[in-house]
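Please read the structure below before turning to the comments.
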Amino acid sequence: MPNSNVKLIVESKVPFVRGLLDSYATVRYLAPEEITPKAVADADGMIIRTRTRCDEALLGRSDVKFIATATIGTDHIDMPWCASRGITAVNAPGCNAPAVAQYVFGTLMQLSNRPLAGQTIGIVGVGHVGAIVERWARGLDMRVLRCDPPRQRAEGGDDWVSLDRIALEADIITFHTPLTHEGDDATFHIVDSAFLSKLRRAPIIINSARGEIVDTAALIAAKDAGLTGPLAIDCWENEPDIDRELLRRCAVATPHIAGYSRQGKIRASQMALDAVTTFFMLPRVTVEQPLPKAPARTVTAAGIAASYNPVADTFALKSEPELFETLRNGYALRDEAPEGAES
């Protein structure tokens, strides 16, 4: 029988978890729009995705003590407020990093008009995703510029560059930062008119990080002025109500699915399950899927191209942008890039 002393809400779109906790807790599976203040009032814990905003408006009168988000980001969780209320919130760092790196290179296979070897890629944010992008880029004989001020301060060394230098020298710029609004390293609108005005090589720009790191109006103006090369946007301001003018200018446009690999979802769901069972001292449960291997150490251009092509996803979003959320929720999970294989 379920342990009625633990009441959990699980967002119904979190894959691979349904039924696994039901023997040990009282579990309700709710769509994002069904997760309301009334629904969560007597819940002890939640497993969610980014579409559930956890803040005082939702949780102010609830019994929730624990939130596990099966995502790498926590932008949808008011972390300071949760901390002030004694609510523990955890994420799933790195769960989909190989998939996002696959998206970056699959996109480059489509957008670059010359071989990647010898091109300069600027990586802004060298965390879980950026580190894989860096490793794969070096393996493909690309020149790598790394910009990550927090890591630079923590680790030292001279293998770091400024955002300005990336603007000057990069043929490709890919963003992998969290979204932060305060402090010297704030990333909100780091892609603004000041940054874009410094571009010198009309680079390919890829945003598979957070929508709000880009000033949409500034990027549109820069594209129209010829300052940028092809644009690839997976993360948008004001999702799911995305800007149609930016959409029209994008060579690759996808509905926030860069990290949507089958392996990434398995990792995220297992991390969320482990967090919940540990917090509430429940028996450990495992997803009924083979746990993924480590991400590829090296890849080939042919292997990447065979593993992901953004053309179909772009066509779908450009054809019916009003279906952004439907396309995202119904996305067919892909397999991650193979290890050094040609296909």
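The values are calculated or read from the model by the stated rules, or taken from the named source; none is laboratory data. Given the structure is predicted, the values throughout are model-derived calculations rather than measurements. Counting neighbours? That spans all protein chains shown, and the Cβs are built from the backbone with ideal geometry, glycine included. Accessible surface areas use protein heavy atoms only, side chains included; no ligands, DNA or RNA. Shrake-Rupley method; radii C 1.70, N 1.55, O 1.52, S 1.80 Å.
Only one of (1) open to solvent by 10 Å² or more (accessible area, probe 1.4 Å); (2) in contact with a helix residue (DSSP H, G or I) (Cβ under 8 Å, 6 or more places away or on another chain); (3) not acidic (Asp, Glu) is not met by Met142, so which one is it?
Here Met142 meets the rest and fails (2).
Which residues, counting only those in segment 309-343, are among the aliphatic types (A, V, I, L, M), in contact (Cβ under 8 Å) with a residue 12 or more places away in the chain and open to solvent by 60 Å² or more (accessible area, probe 1.4 Å)?
Val311, Leu333
From the list Pro230, Pro283, which one is out of contact with any strand residue (DSSP E or B) (no Cβ under 8 Å at 6 or more places or on another chain) and either more than 28 Å from Val6 (Cβ to Cβ) or open to solvent by 10 Å² or more (accessible area, probe 1.4 Å) (or both)?
Within the list Pro230, Pro283, the selection yields Pro283.
Looking at Trp236, is it in contact with a Ser or Thr (Cβ under 9 Å, 6 or more places away or on another chain), part of a loop (DSSP other than H, G, I, E, B), surrounded by 16 or more Cβ atoms within 10 Å (Cβ to Cβ) and not basic (Lys, Arg)?
yes
What tally of residues in segment 202-228 results from selecting those that are more than 17 Å from the chain's Cα centre (by Cα) and either free of Cβ contacts under 8 Å to residues at least 40 places away in the same chain or more than 15 Å from Gly122 (Cα to Cα) (or both)?
Matching residues across segment 202-228 total 15.
Can you list residue pairs whose Cβ atoms sit under 8 Å apart, with the first residue in segment 137-150 being within 20 Å of Val299 (Cα to Cα) and the second being open to solvent by 50 Å² or more (accessible area, probe 1.4 Å) and polar (S, T, N, Q)? Count only pairs 6 or more apart in sequence or on different chains.
Every condition considered, the pairs that remain are Gly139/Thr298.
Is it the case that Leu108 is in contact with a strand residue (DSSP E or B) (Cβ under 9 Å, 6 or more places away or on another chain), farther than 29 Å from Asn238 by Cα and in contact (Cβ under 8 Å) with a residue 12 or more places away in the chain?
no
Identify, please: which residue in segment 7-63 is of a type in the set (D, E, K, R) and not in a loop (DSSP other than H, G, I, E, B) and is, among those, least open to solvent (accessible area, probe 1.4 Å)?
Ranking the candidates gives Glu11 first.
From the set of residues in segment 165-184 that are closer than 17 Å to Gly130 by Cβ and modelled with pLDDT under 95, which is least open to solvent (accessible area, probe 1.4 Å)?
Across segment 165-184, the extreme among qualifying residues is Leu179.
Take Ala99 and decide whether it is under 25 Å from Thr326 (Cβ atoms), in contact with an Asp or Glu (Cβ under 9 Å, 6 or more places away or on another chain), in contact (Cβ under 8 Å) with a residue 60 or more places away in the chain and open to solvent by less than 10 Å² (accessible area, probe 1.4 Å).
It is true that Ala99 is under 25 Å from Thr326 (Cβ atoms), in contact with an Asp or Glu (Cβ under 9 Å, 6 or more places away or on another chain), in contact (Cβ under 8 Å) with a residue 60 or more places away in the chain and open to solvent by less than 10 Å² (accessible area, probe 1.4 Å).
Which pairs turn up if I take residues in segment 291-308 that are loosely packed, with under 14 Cβ neighbours inside 10 Å and look for partners that are of a type in the set (Val, Ile, Thr) with beta carbon separation below 7 Å, at least 6 apart in sequence or on another chain?
Close Cβ pairs satisfying both conditions: Leu291/Ile266.
So His189 fits all but one of (1) part of a loop (DSSP other than H, G, I, E, B); (2) surrounded by fewer than 16 Cβ atoms within 10 Å (Cβ to Cβ); (3) not β-branched (Val, Ile, Thr); what number is the exception?
(2)
Considering each of Ile172, Ile123, Ile132 in turn, give the residue that is free of Cβ contacts under 8 Å to residues at least 60 places away in the same chain and more than 18 Å from Asp215 (Cα to Cα).
Testing whether each residue is free of Cβ contacts under 8 Å to residues at least 60 places away in the same chain and more than 18 Å from Asp215 (Cα to Cα) leaves just Ile123.
Kindly provide the set of residues from segment 290-339 that are farther than 20 Å from Ala97 by Cα and either assigned to a loop (DSSP other than H, G, I, E, B) or of a type in the set (S, T, N, Q) (or both), ordered by number.
Passing the criteria: Thr314, Ser319, Glu320, Thr326, Gly330.
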